[in-house]
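In what follows, a single structure is set out as structure tokens and then discussed.
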Amino acid sequence: MRAGGQLLRGFVCPSTALRTRFNVTFQRLYRNDDGKWQGIVGFNRDDLLVLMKVADATHTRVTQLLGEKRAQRQSQSAA
């Protein structure tokens, strides 16, 4: 997810037989002097509001995905 072209969120979902976990990372993206995209994990004051909004959207999405996984497991165990 990009917000303002500068903030990138990524998450991975390592699943085990018993549970699903999500690991989330956030990066601030910028172009270096050569025009190549670089990412850093540090944020300045001006990034914090955007970071908060992206983190909130990420939390919502992870919650949705966990609900979907839970529903899948329940339907599989009922079958």
Q | Peptides ranked, highest mean first, by Cβ atoms within 10 Å: ranges 54-66, 36-48 | A | 54-66, 36-48
Q: Using the Karplus curve 6.51 cos²θ - 1.76 cosθ + 1.60 with θ = phi - 60°, work out ³J(HN,Hα) for each residue of the range 39-56 in order, rounded to whole Hz, and write x for Gly and Pro.
A: x, 10, 9, x, 10, 9, 3, 5, 8, 5, 5, 5, 4, 4, 5, 5, 5, 5
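FYI, it's all coordinate maths here, none of it is from the lab. Values in this document were obtained by computation on a predicted structure and should not be read as measured data. With ideal geometry, Cβ positions are generated from the backbone for all residues, glycine too; neighbour counts draw on all protein chains shown.
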